[in-house]
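For reference, the structure is listed below as structure tokens.
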Amino acid sequence: MSDSPLEFDLDEVSPRQLIWQRFKRHRLAMVSIVFLVLIYLMAGFCEFVTPYGTETRNVKAINAPPMTIRFVDEGGQISLRPFVYGYDMHVNADTWMREYTENTNFRYPIYFFSRGERYRLWGLIDTDLHLFTTGHKGYVHFFGTDQLGRDLFSRVFYGARISLSIGIVGVVLTLFLGIFFGGVAGYLGGIVDRLVQRIIEVLQSLPTLPLWMALSAALPVAWSSIGVYFGITIILSLFGWPVLARQVRGRFLALREEDFVISARLLGASRMRIIFKHMLPSFTSHTITTATLAIPGMILGETALSFLGIGLRPPVVSWGVLMQQAQNYQVIVMTPWLLIPGLFVVLTVMAFNFLGDGLRDAIDPYSANREAS
Amino acid sequence: MVRSSISVITLRVILLPVLVFLKIAGVTADQAVLPKAWFEPSRTASELGITKFSQSPILSGLELPSVEVRLGKDPLVVSPLADIGRYGGTIRITRNEWLTFPNVESPMTISADMRTILPNLAQSWQTSPDGRRLTLTLREGIKWSDGKPLVSDDFLFVFNDLWLNDEFDPIPRRMAKGGRAEKIDDRTFYYEFENPNPLMVNYVAQYGSFMFLPKHYYQHFHPRYVEKEMLSRRIEDLGFISWMEYIEACRRQLIEESVDQPTVDAFQIVERTPTLARYIRNPYYFKIDPKGQQLPYIDKIDQQIIDNKEVIAAMSATGQLDFSAFELKTQDIPLLKLGEQSGDIRVLIWNRLHSSDVVIQPNYNYPDKRLAKLYWDHRFREALSIAINREEMNQIIYFGQGTPSQMTAHPSSAMYDKQFASAYADYDPARANFLLDALGLIDTDGDGLRDYEDGEPLTITLEFVDWETPKGISLELVSIYWREVGIDLRLKLVDSSLQSERAQANKMQMTVWHGDKVTDILLPISPLWWAPIQSGRENTLWNDWVRWRQTNGRLGVKPPPIMTQLQEWADEMYSTIDDKRRIELGKKILDVGAKNIWTIGTVGLAPQPVVISPKLRGVPDNGIWGWDNRWTLSYHPSTWYFE
């Protein structure tokens, strides 16, 4: 406490401010939230952030390794503008390997906020402005390229848009289902409660992966990519809600007998009003924590399905799709940079878990006390 | 060896124009490397004056008749690639090679020139002047691995008792229709047909290994030779439902009982478990080397049963297999070459015979009339074809070593014309867009993809099985090229049984297969890529027109005149006894095909990696790989040996 003096009067501290104070002390959670905000921003603006589209092929760089960003050139001259050296590709007649050597004669400076490929941001704004490009000549591949010569850096962020949004959309759906069923069961009790409980038990006793597989294999072939995207999201959330529903039900059962609920009821408030105005807000923080911790499950679910080849399909790019293309022995031996999407999955999932931890500790006063003591 | 392959490739770079010529006449280039004897009818011991015979040491001490007795009167002499080999060793392969490594014997075989038919089990054959009868004379003294002689009845059994049996083959196969097999004596028999069938000889040469079985073993499981109740009891005891099922499983070496059947091949199966098959040399094998040593040189085969292709590629690269090729692809070459540096394997680069590795097939009879009509429009097919950048595909997938091509005959074929291969094959997206615009396919909803005139999105779903050739990666590129001109192609990977099912039910909008049956041996029998004569899982272009023809108009849909014309030409090509006329008809069919782009080809004649143990000798550095010549048979695997 002593090293973080409060800047406001203790009497006026709102619960929200208290939570924020406690949260700030959780360093990993702070790092995570910065990381997540960054990556969500990049995913949201991926057309702008990345230099190329998902299908742009560079025949001069097929299976090319990541490029090094340089500030110092061969002659030892320091340049403030970062640059990369172009690749010389040479198919080794002996090994049939595409060998790449940096050619110092081809120096491609990286320009920021420069013009490049045309695209439509969110399908609306027609522009060719990119965060960075190498101008009209040359190419830059920070993460290397895949077997069709496509820029992996670009594909990772386009993939992030899909994978990360599936996490959010899926969790919103889960929340909706969980609160609805949990709330109904907890508030009404009786036969409804028992029915919902049995459904939850059945759903929880089923192994999720085979079930996901069966359901996603049943998605019609002719569905558009957007259809498949929502199909997968719905499948993932269909099996995510029971946990939340249980918790919501438990809370409702406890809250039902609380004084403020009883007084609201005695004052003649309607059921809906009691549920939505009085009961739900009292454990919003708890719900948010649960939701945060559920997002990585969704992301991993999508990744797993796509990795197995039954989730999203090209041309849609997601992290799972990218990893599916990297799932062979050759990649590990010859083009390990194609595993970079896996690194992003790991980092994102960890970040969400740390964030969830931080939130839980911040919200739960007891855990905070424990940490403070 | 490594040095020679470098020089070959350097040569290719320097002499590019020469290379084009060599590719067309690729066969002549190969002949220089392969022994001349492989292109001529094999000679016999008496013709070469060989009188002393010897056998592998593992056979001595066994209770067997002497090698002279076992070899028969006048064994066949096969020259090895270079040096005379030595006996011994166990070769480690996977089950997937079951038709490529063990020498599979046929009445006749196909020479490495891909068009000459050479004698093998049969010493001679004759087609009657009217083309209705093919008479075969078996070599004297050939024995099954149990010592019983190979006789005409073994051939008659398969043709008359299996193929013409409506329990075994409910729908008679094309080659058995209207035919029967008759015996003249124990070594002479003929196939006779109602209509002229002069290409039966090609069929026997290519497919002949499946055209005979040891009757003295299999007759115990056939209703014609066993009393019905006893048969069903016997089959039941073996754990099978029907006799057909048992014969099929036993013949294909899928069950433990398979070890009971004798063979005339170089190796006989002696152990079969779910994960392993073991073979040992056939002591009665009928071939010898020029020194009088009985072939094969290698004593044993260990076959592992592995389904996963990744695992097979990894095993091949790390020297865990002594011969591996069937499941390897062009893109695997760098990985294999990396493995080669460790010295545990050698990587040979053969050429696949497929004129196009991927044959894209629009389904002209697809139930959705609007899509079928679009396919039938020449402009649409042309647009799809020229939207593909084949040169780029060649660079990306094949290291520039393939040949961009439409689906046409193999360069070794007398029907080959390079204009057929290059028709509508040049990349021209501007013209593709122009043609699609002219068809009224405009992007109305602004998603960058074309829609029908009434605004309904145009989508094509392509279902495919990813085996033998690099289909997955090729199609990924094709879908990108097509999307660049606004065509929404959706890919769906299916397994082969599902593909068969959906092909038969006519449910696929589009599919692909690899372009084999392109040599003079098979093309005249089944020009299936260019005329509606048969359909199945590999060909789903025109099910209804094929059915119409097969049922004489009872089922299916009446084909348009051009298709009827093609069917007639195909029939005539199949039945004419005039070879010149056949080539002329073949060229006509291919010409119409090239002009009409019935199918869309990509890149063909591509490098095929063949991985062998560095100790394995006698394998040519260069060969042609594919179904038409049964992969390795022109290169005599029985003469391969361990150093």
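Some points to look at:
- Within region B:382-392, if we keep just the residues that are facing another protein chain (nearest Cβ under 10 Å) and touching a helix residue (DSSP H, G or I) at 6+ places or on another chain (Cβ under 9 Å), the residue that is modelled with the lowest pLDDT turns out to be B:392.
- The residues on offer are A:81, A:22, and the sole one that is more than 28 Å from residue B:396 (Cβ to Cβ), buried (at least 18 other Cβ atoms within 10 Å of the Cβ), more than 19 Å from the chain's Cα centre (by Cα) and not assigned by TED's automatic domain parsing to the domain that holds residue A:317 is A:22.
- Total residues in region A:314-335, condition assigned to a loop (DSSP other than H, G, I, E, B) and either more than 14 Å from chain B (Cβ to nearest Cβ) or over 16 Å from residue A:216 (Cβ atoms) (or both): 8
- No other residue among A:195, A:219, A:206 is away from chain B (no Cβ under 14 Å) and at pLDDT below 85 apart from A:206.
- Every pair of residues 6+ apart whose Cβ atoms lie under 8 Å, when the first sits in region B:497-513 and is of a type in the set (Gly, Ala, Ser) while the second is in a loop (DSSP other than H, G, I, E, B): B:500/B:537; B:503/B:535; B:503/B:537; B:503/B:540
- Residue within region B:332-351 that is basic (Lys, Arg) and more than 14 Å from every other protein chain (Cβ to nearest Cβ) present: no
- For region B:257-272, residues that are buried (at least 16 other Cβ atoms within 10 Å of the Cβ) and outside any loop (DSSP other than H, G, I, E, B) total 7.
- The lone criterion from (1) closer than 13 Å to residue B:87 by Cα; (2) out of contact with any helix residue (DSSP H, G or I) (no Cβ under 7 Å at 6 or more places or on another chain); (3) not polar (S, T, N, Q) left unmet by residue B:301 is number (1).
- From the list A:298, A:350, the lone residue that is at pLDDT 90 or above and more than 14 Å from chain B (Cβ to nearest Cβ) is A:350.
- For residue B:367, the requirement of being touching a residue at least 40 places away in the same chain (Cβ under 8 Å), more than 10 Å from chain A (Cβ to nearest Cβ), more than 30 Å from residue B:97 (Cα to Cα) and within 24 Å of the chain's Cα centre (by Cα) is not met.
- Residue match in region B:555-570 (condition: under 22 Å from the mean Cα position of the chain (by Cα) and either closer than 17 Å to residue B:534 by Cα or not hydroxyl-bearing (Ser, Thr, Tyr) (or both)): yes
- Counting only residues that are closer than 29 Å to residue A:58 by Cβ, away from every other protein chain (no Cβ under 11 Å) and assigned to a loop (DSSP other than H, G, I, E, B), region B:469-499 holds 4 of them.
- Residues located in region B:508-532, provided they are in a loop (DSSP other than H, G, I, E, B) and touching an Asp or Glu at 6+ places or on another chain (Cβ under 8 Å): B:508, B:509, B:514, B:515, B:516, B:517, B:518, B:519, B:521, B:522, B:528
- Of all the listed residues (A:359, A:355, A:338, A:280), the sole one being in contact (Cβ under 8 Å) with a residue 40 or more places away in the chain and within 14 Å of chain B (Cβ to nearest Cβ) is A:338.
- Leading residue by the ranking (farthest from the chain's Cα centre (by Cα)) among those in region B:201-223 that are closer than 26 Å to residue B:268 by Cβ and part of a loop (DSSP other than H, G, I, E, B): B:222
- Test result for residue B:420, away from chain A (no Cβ under 14 Å) and surrounded by fewer than 21 Cβ atoms within 10 Å (Cβ to Cβ): no
- Residue among B:455, B:448 that is more than 14 Å from chain A (Cβ to nearest Cβ), surrounded by fewer than 16 Cβ atoms within 10 Å (Cβ to Cβ) and either of a type outside the set (Phe, Trp, Tyr) or closer than 30 Å to residue A:119 by Cα (or both): B:455
- Among residues of region B:134-155 being in contact with a His (Cβ under 9 Å, 6 or more places away or on another chain) and surrounded by fewer than 17 Cβ atoms within 10 Å (Cβ to Cβ), the one that is nearest to residue B:262 (Cα to Cα) is B:146.
- Taken as a whole, the structure leaves residue B:312 outside the set of residues that are away from chain A (no Cβ under 11 Å), in contact with a strand residue (DSSP E or B) (Cβ under 7 Å, 6 or more places away or on another chain) and either closer than 30 Å to residue B:424 by Cα or of a type in the set (Val, Ile, Thr) (or both).
- Hey, residue B:131 more than 29 Å from residue B:258 (Cα to Cα) and assigned to a loop (DSSP other than H, G, I, E, B) or not: yes
- Per the conditions (1) loosely packed, with under 15 Cβ neighbours inside 10 Å; (2) more than 24 Å from residue A:341 (Cα to Cα); (3) away from every other protein chain (no Cβ under 11 Å), the sole criterion not satisfied by residue A:138 is (1).
- Count - residues of region A:101-155 that are under 23 Å from residue A:165 (Cβ atoms), assigned to a strand (DSSP E or B) and polar (S, T, N, Q): 1
- Unmet requirement for residue A:311, which otherwise passes all of (1) buried (at least 23 other Cβ atoms within 10 Å of the Cβ); (2) part of a helix (DSSP H, G or I): (2)
- Being surrounded by fewer than 24 Cβ atoms within 10 Å (Cβ to Cβ) and within 22 Å of residue B:411 (Cα to Cα) holds for only one residue in B:585, B:590, and it is B:585.
Residues checked against (1) under 16 Å from residue B:225 (Cβ atoms); (2) surrounded by 21 or more Cβ atoms within 10 Å (Cβ to Cβ); (3) touching a residue at least 24 places away in the same chain (Cβ under 8 Å):
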| residue | (1), (2), (3) |
| --- | --- |
| B:157 | yes, yes, yes |
| B:160 | yes, no, no |
| B:164 | yes, no, no |
| B:174 | no, no, yes |
| B:182 | no, no, yes |
| B:199 | no, yes, yes |
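- Scanning region A:165-208 for residues that are under 28 Å from the mean Cα position of the chain (by Cα) and of a type in the set (Val, Ile, Thr) turns up A:166, A:168, A:169, A:171, A:172, A:174, A:179, A:200, A:208.
- Unique match (being surrounded by 14 or more Cβ atoms within 10 Å (Cβ to Cβ), outside any loop (DSSP other than H, G, I, E, B) and either among the hydrophobic types (A, V, I, L, M, F, W, C) or touching a helix residue (DSSP H, G or I) at 6+ places or on another chain (Cβ under 7 Å) (or both)) among A:297, A:301: A:301
- Residue within region B:119-127 that is within 20 Å of residue B:48 (Cα to Cα) and outside any strand (DSSP E or B) present: yes
The values are calculated or read from the model by the stated rules, or taken from the named source; none is laboratory data. Worth saying up front: this structure is predicted, and the values here are computed from it rather than measured. Cβ coordinates were reconstructed from backbone atoms using ideal geometry, including for glycine residues, and neighbour counts include every protein chain displayed.
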